[in-house]
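Beneath this line is the structure, given in structure tokens, with notes to follow.
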Amino acid sequence: YLFALLVSTLGRQMISEQKVECMQCHKTKELLKALAATVGPTGLLASDALVSRATSVWNPKPMAALALIRPKSTAEVSAVLRLCHQASQDVVIVGGGTGPVAGAEPSSESIAISLERMNRIEDIDPVNASCVVQAGTCLQNVQEAVAAYQLLFPLDLGARGSCTIGGNIATNAGGINVLRYGSMRGLVLGLEAVLPDGTVISSMGRLLKNNAGFDLKQLFIGTEGTLGVVTRAVLRLFPKQSARQTAMIAFSSFEQVADFLQLAKLKLGATLSAFEAMWQSYIEEQLRFYQRRSPFMDRHAFYVLIETEGADEELNKLALNETLELALGKGIIADAVVAKSDQERQRLWDLREDLEPFVRNKPFFGYDVGVPIGDMPAYVGIVEANLRHRWPNSVCHTMGHIADGNLHFFIQPGDVDAFKVDCDEDVYGPLKQFGGTISAEHGIGFEKRSWLLRNRSAEEVALMRSLKKALDPKGILNRGCVFE
């Protein structure tokens, strides 16, 4: 009797679960049908059509999603989110796929939204030094379009040919020109975003100064698509400087690198736009991989790629040469080479931007952290010692935009059984003692969320959760990104 009762109970439970599953399947089919009607036949790619799409640059696996929705207007984004909100359907916003923290990777149970069809530059205004662009526009396309007006959009990073403006905004992208122009947060004059329930928030102001109430656009800059979907933006532009000087400088100690940074700021002033530091192993791995000759006769402990931009070529060249001569006379620098052509400049920048030598062999682990400049030598030394203790054959390649306190590690553990969680402990663990951050420019995503409470206070994270709850009460947008 007991056995029969158990079988009967289990049978009823299985039937109930099957009914629930069937109902859910029906709801999903109805939702997909409604989404297809909203964006049209070319606006929805079914799950089986995504096998040719990589999840991201860092994750080559085919994208997994119930469907990829490709709206072509803010109105369509609004309608799509309204439908998903009503169905309590999880949504993930995907951009150019260049983010390294798995912050925009959909699952087989989520709807993916790409703004790739919203890629127009709507307006360029030379008088107000601004442009209006749709969020799916590629960064490089914006740079090239405004250059025709002798204007500059200064955000610049190695992924410029793939990343999108919406993704740049969502992650508060930094890049190589933060020293002079700041990060994305300071380059957005206004934006338009859609809340998870479909409400459109349009704050498309073009003013540099506007203190009329809360600055709502900041809710969507650097929040990794968890509070709303940015659809359009007003970007701040600057005069394009015709005179540019590029040099690579060699140092025997990090203290000299820091001294030269202060000297360069003092002597070059506002013309100093980039200051990229590379440790010895970083440069030598680049040279070895591509079988290239070093720009210098001797080996050095540190290298810095410096760039200045100004209106007068002769004055710009003179200022850089005088700065280098002064630093050489003071014994701050060991050697320097100045690019004499665009081709030479590009070869120098290739040594900084080409990541192929560091990511070709698996496993490799990449990091983006922030540390005060004066603490960098001690912090990097601890990280390297931690890694050698864990994996004796490991190599840590270090470089960074150090003028803004940003370091990047490319770590090759030399052990096929190495786990990133162990490497995280070695890299993130020492940050607290230096007042550092686990993310300087790429965000938290899914990869770093377990470390958030070790980097921010419980009160700060609680306020973040409150904002998320207020704007996305059902938690459908990029669920699990930043915090669970």
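The values are calculated or read from the model by the stated rules, or taken from the named source; none is laboratory data. The model shown is predicted, which means the values in this text are computed figures rather than measured ones. Cβ sites come from the backbone with ideal geometry, for glycine too, and all protein chains shown count toward neighbours. The area values use the complete protein model at the heavy-atom level, side chains included, leaving out ligands, DNA and RNA. Shrake-Rupley method; radii C 1.70, N 1.55, O 1.52, S 1.80 Å.
At q = 0.18, 0.23 Å⁻¹, what base-10 log of I(q)/I(0) does the Debye formula yield for the range 364-441 when every alpha carbon is treated as an equal point scatterer in vacuo?
Relative scattering, expressed as log10 I(q)/I(0), comes to -0.64, -1.03.
Work out the length of the dipole vector of the range 102-150 about its Cα centre, built from +1 on the beta-carbon of each Lys and Arg and -1 on the beta-carbon of each Asp and Glu, and round it to the nearest 20 debye.
60
Cα-Cα pairs above 20 Å in the range 298-438: how many percent?
Values: 5732 of 9870 pairs.
Tail fraction, whole percent: 58.
Evaluate E = 1/(1 + (r/R0)^6) for E109 and E144, where r is the Cβ-Cβ distance and R0 equals 35 Å; express this FRET efficiency to the nearest 0.05.
That gives a FRET efficiency of 0.35.
Would you please give the FRET efficiency between N210 and D342, computed as 1/(1 + (r/R0)^6) with r the Cβ-Cβ distance and R0 = 45 Å, to the nearest 0.05?
For R0 = 45 Å, the calculated efficiency reads 0.70.
Give me the one-decimal nm value for the distance between modelled label points at Q433 and R299, 7 Å along each residue's Cα-to-Cβ direction.
2.8
Once all Cα-Cα distances of the chain are split into 10 Å bins that start at 0, what whole-number percent is in each one?
Bins of 10 Å from zero give 4, 18, 26, 25, 17, 7, 2, 1, 1, 0 percent of pairs.
Scanning the chain for helices, which whole DSSP H stretches are 30 Å or more long along the axis (Cα) and average -0.5 or more by Kyte-Doolittle?
2-39
How do 56-64, 337-345, 176-184, 149-157 rank on mean C-beta neighbours within 10 Å, highest first?
176-184, 149-157, 56-64, 337-345
Net charge near I201: determine it from the other residues with C-beta under 10 Å of the C-beta of I201, scoring Lys and Arg +1 and Asp and Glu -1.
The answer is 0.
Please calculate how many Å² of accessible area the chain carries per residue, with a 1.4 Å probe and no DNA, RNA or ligand atoms counted.
On the way: 22880 Å² over 484 residues.
Solvent-accessible surface per residue comes out at 47 Å².
I'd like the distance separating the alpha-carbon centroids of the range 66-136 and the range 400-430, in whole Å.
If we compute the Cα centre of each part, the gap is 31 Å.
Enter the mean projected area of the convex hull around the alpha-carbon atoms of the range 103-251, in nm², rounded to one decimal. Please list the in-between numbers first.
Details: hull surface 45.1 nm².
Value for the range 103-251: 11.3 nm².
Just to confirm my numbers, what's the Cα centroid distance between the range 143-171 and the range 434-461 in Å?
Comparing the Cα centres of the range 143-171 and the range 434-461, I get a distance of 26 Å.
Using all Cα-Cα distances in the range 289-357, what percent lands in each 5 angstrom bin from 0 up to the longest?
Bins of 5 Å from zero give 3, 12, 22, 26, 19, 11, 6, 1 percent of pairs.
Can you compute the modelled spin-label distance between E425 and K267, with each label point 7 Å from Cα toward Cβ, in nm?
About 4.7 nm separates the two model spin labels.
If you add up the charges near L324, with Lys and Arg at +1 and Asp and Glu at -1, over every other residue whose beta carbon is less than 15 angstrom from its beta carbon, what do you get?
On the way: positive: K265, K267, K317, K330, K340; negative: D259, E307, E322, E325, D335.
Here the charged neighbours net out to 0.
Considering only protein heavy atoms and a 1.4 Å probe, what is the carbon-and-sulfur percentage of the accessible area of the chain?
Details: 12460 of 22880 Å².
Here carbon and sulfur together make up 54 percent of the probe-accessible area.
Listed here are the pairs K209/K432; K29/K72; K330/K362; which of them are more than 32 Å apart at the Cα?
Cα-Cα > 32 Å for K209/K432; K330/K362; rest within.
At 0.36 nm per residue, minus the direct Cα-Cα distance, what do W58 and D125 gain on full extension? Give it in nm, one decimal, please.
Net length gain for the segment: 20.5 nm.
Let me have the 222 nm mean residue ellipticity of the chain computed from DSSP H runs of 4+ only, each contributing -39500 (n - 2.57), with the sum over all residues rounded to the nearest 500.
Result for the chain: -11000 deg cm²/dmol, rounded to the nearest 500.
Report the net charge of residues surrounding Q89, where surrounding means a beta-carbon distance below 15 angstrom and charges are Lys +1, Arg +1, Asp -1, Glu -1.
In short, +1.
Restricted to Cα positions, what overall size does the range 176-236 have along the principal axes? Three whole-Å values, descending.
Projected onto its principal axes, the Cα set of the range 176-236 covers 38, 25, 17 Å.
Which of L324, V57, L305 sits farthest toward the positive end of the charge dipole of the chain, with +1 on the Cβ of Lys and Arg and -1 on the Cβ of Asp and Glu?
Farthest along the dipole direction, towards plus: V57.
What value does the range 28-114 have for Rg/Rh, both radii from Cα atoms and Rh as Kirkwood defines it?
0.95
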